[in-house]
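The values are calculated or read from the model by the stated rules, or taken from the named source; none is laboratory data. Fair warning: this is a prediction, and the values are worked out from it, not measured in the lab. Cβ coordinates were reconstructed from backbone atoms using ideal geometry, including for glycine residues, and neighbour counts include every protein chain displayed.
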Amino acid sequence: MLLFNPPAPDGRGFTREGRCTQEAGVWASQWPPVTLATAAAFLAGGGHEVHGIDFPALGLTVRDLEARIAAWRPDAAFWTTGTPTLAHDLYIATLVKAASPETLTAVMGTHVSVMPGEVLENSDVDVVIRGEPEGIIRELCRRGGGARESDRQTTGGAPSRNNRSEGESRAPDRAGGEGGGALFENDGKAGENSAPKSAGVVDAAGDSGGSIGDGRVGGGRREGWRLSEIAGISYKDAAGAVIHNPDGGWLPPEEIPAPAWEHFDLAPYRLPLSGRPFLIVAPVRGCPYACSFCTAPVYYGRKLRKRPVANVIAEIKDNIRRFGVTEFFIWADTFTADRKYVRSFCAGILEAGLRITWTCNSRVDTIDGETLALMKKAGLWMISFGLESGDDDILAASGKRITTADSRRAVRLARAAGVRTAGHFILGLPGETEATMAATLRLASELPLNIAQFYAAAPFPGTRLYEEATAKGWLKTGGGIRLAGAYGNTWGNAVNEAADSSSAHEGESTAPPGHPADPGAGQTSGTTPSGAGTSQGQFSPFSQNSAVLELPGLSAATVDAFRRRAYRTFYRRPKIIAGLLAMVEPGAAVHLSASLKRFLTWSR
Ligand code: SF4
């Protein structure tokens, strides 16, 4: 079984993790692929031979992917996708089928979860995994085809567990390397919920026509994939009809395993400022909120699912022992939603005597000084808040359920506790004007933030913002997401041409210096803020780094211009620069200087 994060359209780093996708520049972060590593844990535990590879993290291209598929000929290939790279991500299926026609192709991610029918217009995509993917992948492989490792004859073409070299996955050393993860994110609060039905998905009417018992799948033939039995997938039957099985539900938190990082090369994953190696630990899944711009509920649902603290602490201990990593990004949709859980987590770290440092995200209305003090004691060094806007009416309309007063209080409490702060803002949400954007910039400048990100409101499928934008005709592209050219098989020629030509990366990531270009703010991101360095036509225009909404009285161009001004205003202050420099360690300094130069050029 092959699990991979596909190459980005322009060959650079790209993270795809549910609601969070982001392009990495030469210095921006690349996340360890926690979804893939968690799925790897399930599959390896089930006796499957598992191979994981993060192509963009390793600087590998579509040509490398083709070569590996041809050599390995996996029974199934599972890969992550994102809206900004969707056309390219789906074209990967054509490359896989060309290299290994019998390989089952399956995609996951928020966009494909809500538009599976459109995705299956690509005849080379066999299966769309809707929602939380790991349990569905486990079931698919358990009940379906795919040789167990114990069944397989060892062949010369079989890949090693480590895709870069033979032997075990290497623990990263502490020198040099790419900038690390996008560590600064959002928030949430506990609540009730149920698994939402994926938008546009119609359940299969029984199994009629849904079985692939004849083994015919997509462009190839695979025996034994009992697709009609797997909840949470969409696929095409033998006659080519699209079948949507019932939704798959969510994993019980006690069943969520620790990611099997040993299936991935961990060398590329570095903190952006210090250059230190880090890993993601995900203790909580789900978000009960309904922010208009966020796809989180599509991937992890609305119910807060908290893994047992003992499991999380054991995972951290294991990461320290096996990989030598002591820096962690505690990734959750809503980590501080349950403060009792957070305090228990911190107590677990302290009781175990773990000498680690970590960052996390939080909502501004789910944090207090006492909890922050304990988090600091347990190793928290930076906390990230989704502040979104400096205008209370826009906040209210977005469904975020916070106020600017909440933002002021939380950021100041964090700084009082000795914790660095990152704030994430969205420009161009409905109701935005030049005056409200100015209010947002004033708030960002007034607060004691170390880092700020200013995103363009991005109407991703699966969000209320997308529904409103399409209904009101706000999309710069006209029509809907389909105009991004993402579906069907026709897009592949453009990819081939791009891959064969010299990849002209004229621009680089232009996120602010020292910051890992975090997708925070509950959104996914894509092209660089200026659009430079990305080939238009390869990336979708739907990203939070380039405005796509033409709001009444506020053009997308105005929003983009203001974003540059906001970055310029926020970061060209001596105290901010001094604060960033204080976080830089020698191993990352050279890398960051190039980024700083690009940032200054972009924001000029
Ligand atoms: S931004 Fe997303 S993750 Fe954060 S509270 Fe809103 S819906 Fe939840």
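Annotation: of all residues in segment 447-500 being outside any loop (DSSP other than H, G, I, E, B) and among the basic types (Lys, Arg), the one that is modelled with the lowest pLDDT is Arg482. Mind listing whichever residues of segment 278-323 are of a type in the set (Phe, Trp, Tyr) and within 11 Å of the ligand (Cβ to nearest atom)? Once the filter is applied, which keeps residues that are of a type in the set (Phe, Trp, Tyr) and within 11 Å of the ligand (Cβ to nearest atom), segment 278-323 yields Tyr289, Phe293, Tyr299, Tyr300. Listed by first and then second residue, the pairs linking a residue in segment 130-145 that is under 9 Å from Phe42 (Cα atoms) and at pLDDT 95 or above to a residue that is in a helix (DSSP H, G or I) and β-branched (Val, Ile, Thr), with Cβ atoms under 7 Å apart and 6 or more places separating them unless they lie on different chains, are Glu134/Thr35; Glu134/Thr38. Once segment 428-439 is narrowed to residues that are crowded, with 22+ Cβ neighbours inside 10 Å and outside any helix (DSSP H, G or I), the residue that is nearest to the ligand (Cβ to nearest atom) is Leu429. None of Thr35, Thr15 is in a strand (DSSP E or B) and either more than 16 Å from the ligand (Cβ to nearest atom) or of a type in the set (Ser, Thr, Tyr) (or both) except Thr15. Among the residues making up segment 379-390, those that are under 13 Å from Thr336 (Cβ atoms) and among the small types (Gly, Ala, Ser) are Ser384, Gly386.
Taken over segment 381-394, the criterion of being within 29 Å of Ile320 (Cα to Cα) and either within 16 Å of the ligand (Cβ to nearest atom) or touching a helix residue (DSSP H, G or I) at 6+ places or on another chain (Cβ under 8 Å) (or both) is satisfied by Ile383, Ser384, Phe385.
This table checks each residue for (1) more than 16 Å from the ligand (Cβ to nearest atom); (2) of a type outside the set (Gly, Ala, Ser); (3) part of a helix (DSSP H, G or I); (4) touching a Phe, Trp or Tyr at 6+ places or on another chain (Cβ under 7 Å).
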| residue | (1), (2), (3), (4) |
| --- | --- |
| Gly11 | yes, no, no, no |
| Phe42 | yes, yes, yes, no |
| Ile92 | yes, yes, yes, yes |
| Val96 | yes, yes, yes, no |
| Val112 | yes, yes, yes, no |
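Checked against the criteria, Glu388 counts as on the phi > 0 side of the Ramachandran plot and surrounded by 20 or more Cβ atoms within 10 Å (Cβ to Cβ).
Restricting segment 110-144 to residues that are small (Gly, Ala, Ser) and crowded, with 24+ Cβ neighbours inside 10 Å, which is farthest from Ala282 (Cα to Cα)?
Restricting to residues being small (Gly, Ala, Ser) and crowded, with 24+ Cβ neighbours inside 10 Å, the top hit is Ser113.
Restricting attention to segment 395-427, the residues being part of a loop (DSSP other than H, G, I, E, B) and either without any contact (Cβ under 8 Å) to a residue 12 or more places away in the chain or within 16 Å of the ligand (Cβ to nearest atom) (or both) number 5. Looking at segment 347-370, is at least one residue surrounded by fewer than 24 Cβ atoms within 10 Å (Cβ to Cβ), polar (S, T, N, Q), more than 16 Å from the ligand (Cβ to nearest atom) and in a helix (DSSP H, G or I)? Checking segment 347-370: not a single residue is surrounded by fewer than 24 Cβ atoms within 10 Å (Cβ to Cβ), polar (S, T, N, Q), more than 16 Å from the ligand (Cβ to nearest atom) and in a helix (DSSP H, G or I). Scanning segment 282-305 for residues that are out of contact with any Gly (no Cβ under 9 Å at 6 or more places or on another chain) and crowded, with 24+ Cβ neighbours inside 10 Å returns a single hit, Pro283.
The rows are residues; the columns are (1) over 27 Å from Arg19 (Cβ atoms); (2) buried (at least 20 other Cβ atoms within 10 Å of the Cβ); (3) modelled with pLDDT under 95; (4) not basic (Lys, Arg).
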site: Phe539; (1), (2), (3), (4): no, yes, yes, yes
site: Gln544; (1), (2), (3), (4): no, yes, yes, yes
site: Thr558; (1), (2), (3), (4): no, no, no, yes
site: Arg572; (1), (2), (3), (4): yes, no, yes, no
site: Leu581; (1), (2), (3), (4): yes, no, yes, yes
site: Gly587; (1), (2), (3), (4): yes, no, yes, yes
site: Val590; (1), (2), (3), (4): yes, no, yes, yes
site: Arg598; (1), (2), (3), (4): no, yes, yes, no
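One residue stands out among those in segment 35-65 that are surrounded by 21 or more Cβ atoms within 10 Å (Cβ to Cβ) and out of contact with any helix residue (DSSP H, G or I) (no Cβ under 9 Å at 6 or more places or on another chain): the one that is nearest to Pro268 (Cα to Cα), which is Ala57.
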